[in-house]
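First up is the structure itself, then whatever we jot down about it.
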Amino acid sequence: MAGHVELFNLTKIYDPARNKVAVVREFNLDMHEGEFVSLIGHSGCGKSTVLTMVAGLNDVTEGAIVVAKREIAGPGPDRGVVFQSPSLLPWMTAFDNVMLGVQRVFPHATKAERVEVVSYYLDIVGLGSSMQKKPKELSEGMQQRVGIARAFALAPKMLLLDEPFGKLDSLTRMELQDVLLGLLQQNRVTTMMVTHDVDEALLLSDRIVMMTNGPEARVGETLVMPFERPRVRVDVLAHKSYYELRGCMLGFLADQDKRHHVPEKEAEAVGPATVPDLA
Amino acid sequence: MAFLELRKVSKAYGTGPERTEVLKDLDLSIEEGEFVAIVGFSGSGKTTLMSLIAGLIKPDKGEVLMRGKPVTGAGPDRGIVFQSYSLLPWLTVRENVGLGVDTVHGKLSSDEREKKIRFYVEMVNLSPAIDKRPSELSGGMRQRVSVARALALNPEFLLLDEPFAALDALTRGTLQVEVERIWRRDRKTVLLITNDVDEGMLMADRIIPLTPGPGATLGPSFPVHLDRPRDHTELNHDPEFRQLRNSVLTYLTEIRAQHRAASRATAPRNYKLPNLKPIDLRYL
């Protein structure tokens, strides 16, 4: 169970001394090894809060996060993270940016082996001929490819993607989704992704968790994707359930829009929802 | 006679070995009152195409004709909205829109002028902010000013160059609906350049893909026969929408894959991943 992930009663209250309002309350989620789960919801619904807690970058107020049978405490290379901006070191080449982490997690490997790991992932994301370029010589889409290669190269137990393609235009985004799909096909890492993009979630996920608007965000509804793997975009789009599922998500998001404007008391009356048991 | 016609238009930048062909033998024909969306990949020459039509640059080969006459320069018959709003920062909303009004209506009384300005500012729902300067406005509001200024030219032809690309998803959705509504009122000819298939589906009569560059050209036209006004969520239930959306996305996916395969100088080297175990840094 190297990549099994469990979030148990996860609750986050920023500044608990002064403020009793939880951003996220009693969030429960079980991910089996190799599963791809997307969190979708409006801005401010707390989805990034959940993700950064799993990354260990944000303290947990109550509850626990267990990755590969161990409770996490702080960030570590067992969880690879890709943010919206690639955060590459500007004075280093694409190759050196990836090598930086590889050196840390494979200290016992030979130099040739480490070079092979870095080259392998840069080649697979389509940067085989641009490894020696610095970030400013690469387009935003290319920079994000380096970010993805860097995360995979650490052989993480889990991958955390926080709107990884949010800053890219819609056609470049599609291209990178295909790159990610290809990488995951070869290497089924347990993955949690936060996104706004309904089509992105449908293409990549095994399960989509729709979050209610914060504060007190919880799991609203969960959708299980019926598409077979390995997946190809064209086939997924043509699947008979694709637009039904898309409609469910658009409907849920539109509903949350309306609920955003009702007085707080009514909003509280919306009952808690739990993730259905999908074992 | 078509309203706008491009005949075998080619454009390249640079000289010698550095020369890059951006557009090659591009043909396009737009009828009066039509709303056409051109969907293209980043770097494929979308803005070059727009600049040619606007008359800001000249083609190396071929012709750009408007109502049968060659386009020789920029003019107020074509209003342009860019992705970067290009407002004058020291002028208020009223003054920025006033520039447009003055360009086409030189000799108006100040009452009439004010009336016209208010009309266009109201059209984009900015009346409460009419005395604000661009720095006091959000991105979405700035883009509204830019739209109002272009409309104030009362142009025969509106050119929209990725107008909503820099906005967040919610604002983008609102502005798409507003601009489509304004278009429906007087049905001027519009050319929208975008990277978003759904934007085209929501607004246009016809979607034309621009193939990946260099040497980009236009793909087949996809007519969009969906009732207006169109709603993003409702469209999703429409079988015609689903089929058309899939056709466009499939076309774009395939043309890109073909292009990648053709332009790849060397095959992927296929490195072999060594079997290594990462150390656990927690025990260091």
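Here, each number is a calculation from the coordinates, and none is a lab measurement. Predicted model only: the values in this text are computed from it and were never measured. Methodologically, a virtual Cβ is constructed for each residue, glycine included, from the backbone with ideal geometry; neighbour enumeration extends over all protein chains shown.
Numbers for the structure displayed
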quantity: Neighbouring partner chain Cβ atoms per residue of A:171-178, average, 10 Å criterion; calculated: 5
quantity: Interchain or long-range residues, amide H under 5 Å from B:Phe41's placed H; calculated: B:Leu210
quantity: Cα-based shape type of chain A, given that a ≥ b ≥ c are square roots of the gyration tensor eigenvalues and the cut on a/c is 1.5; calculated: prolate
quantity: Distance in nm between pseudo-label sites at B:Ile57 and B:Asn275 (7 Å out along the Cβ direction from Cα); calculated: 5.4 nm
quantity: Note, ³J(HN,Hα) from phi for the stretch A:183-200, Karplus 6.51, -1.76, 1.60, rounded to Hz, x at Gly and Pro; calculated: 5, 5, 5, 7, 9, 6, 7, 4, 10, 10, 10, 9, 8, 9, 8, 4, 5, 5
quantity: For A:Val81, distant residues with modelled amide H under 5 Å away; calculated: A:Leu160
quantity: Chain A - mean residue ellipticity at 222 nm from DSSP helices (-39,500 (n - 2.57) per run, n ≥ 4, rounded to 500); calculated: -11500 deg cm²/dmol
quantity: Cα gyration tensor, the stretch B:61-115 - rounded (a/c under 1.5), prolate or oblate; calculated: oblate
quantity: Within-10-Å neighbourhood charge of A:Pro86 [Cβ basis; K, R +1; D, E -1]; calculated: +2
quantity: Aspartates and glutamates with Cα under 17 Å of B:Lys272, excluding same-chain neighbours fewer than 8 positions away; calculated: A:Glu113, A:Glu116, A:Asp123
quantity: Only Lys, Arg (+1) and Asp, Glu (-1) charged, at Cβ; chain B dipole about Cα centre in debye; calculated: 820 debye
quantity: For the stretch B:128-246, alpha-carbon Rg and Dmax in angstrom; calculated: 15.5, 46
quantity: Cα-derived Rg to Rh of the stretch B:88-155, Kirkwood definition; calculated: 0.94
quantity: Cα gyration tensor shape for the stretch A:99-209, rounded if a/c is under 1.5, else prolate or oblate; calculated: oblate
quantity: Pair-distance profile P(r), taking every C-alpha pair of the protein assembly as shown, with 20 angstrom steps and integer %; calculated: 19, 48, 29, 4, 0
quantity: Kirkwood hydrodynamic radius of the stretch A:80-155, Cα pairs, Å; calculated: 12.1 Å
quantity: Whichever aspartates and glutamates have a C-alpha closer than 18 Å to that of B:Lys69, once near sequence neighbours (fewer than 8 apart) are set aside; calculated: B:Glu5, B:Asp27, B:Glu31, B:Glu32, B:Asp60, B:Asp77, B:Glu156
quantity: Neighbour-count order for A:Lys47, B:Lys58, B:Lys24, fewest beta carbons within 10 angstrom listed first; calculated: B:Lys58, B:Lys24, A:Lys47
quantity: Other-chain or far-sequence residues with amide H under 5 Å of B:Ile80's (modelled H); calculated: B:Leu159
quantity: Residue range of chain A that is longest and free of GluC sites (Glu not before Pro) which are both DSSP loop and sparsely packed (at most 16 other C-beta within 10 Å); calculated: A:34-227
quantity: For the stretch B:192-208 and the stretch A:164-220, distance of Cα centres in Å; calculated: 24 Å
quantity: For chain A, built as a Gaussian network whose Cα springs stay under 10 Å, the top-fluctuating residue of A:Ala22, A:Ala94, A:Ala238; calculated: A:Ala238
quantity: Under 16 Å from B:Lys277, Cα to Cα: lysines that are on another chain or at least 8 residues apart; calculated: A:Lys111, A:Lys157
quantity: Table column - 3J(HN,Hα) (Hz), the stretch A:234-249, Karplus curve with 6.51, -1.76, 1.60, x for Gly and Pro; calculated: 4, 6, 4, 4, 7, 4, 5, 8, 3, 6, 5, 5, 4, x, 4, 6
quantity: From phi via Karplus (6.51, -1.76, 1.60), per-residue ³J(HN,Hα) for the stretch A:209-214 in Hz, x at Gly/Pro; calculated: 9, 9, 9, 6, 5, x
quantity: Computed helical MRE - 222 nm, chain B, DSSP H runs ≥ 4 contributing -39500 (n - 2.57), nearest 500; calculated: -11500 deg cm²/dmol
quantity: In degrees, nearest ten, helix B:239-263 long axis to first principal axis of chain B (Cα); calculated: 60 degrees
quantity: Average beta carbon contacts from partner chains per residue of A:104-112, 10 Å cutoff; calculated: 3
quantity: Members of A:Lys47/A:Lys134; A:Lys20/A:Lys167; A:Lys167/B:Lys46; A:Lys12/A:Lys258 lying beyond 30 Å, as alpha-carbon distances in this model show; calculated: A:Lys47/A:Lys134; A:Lys20/A:Lys167
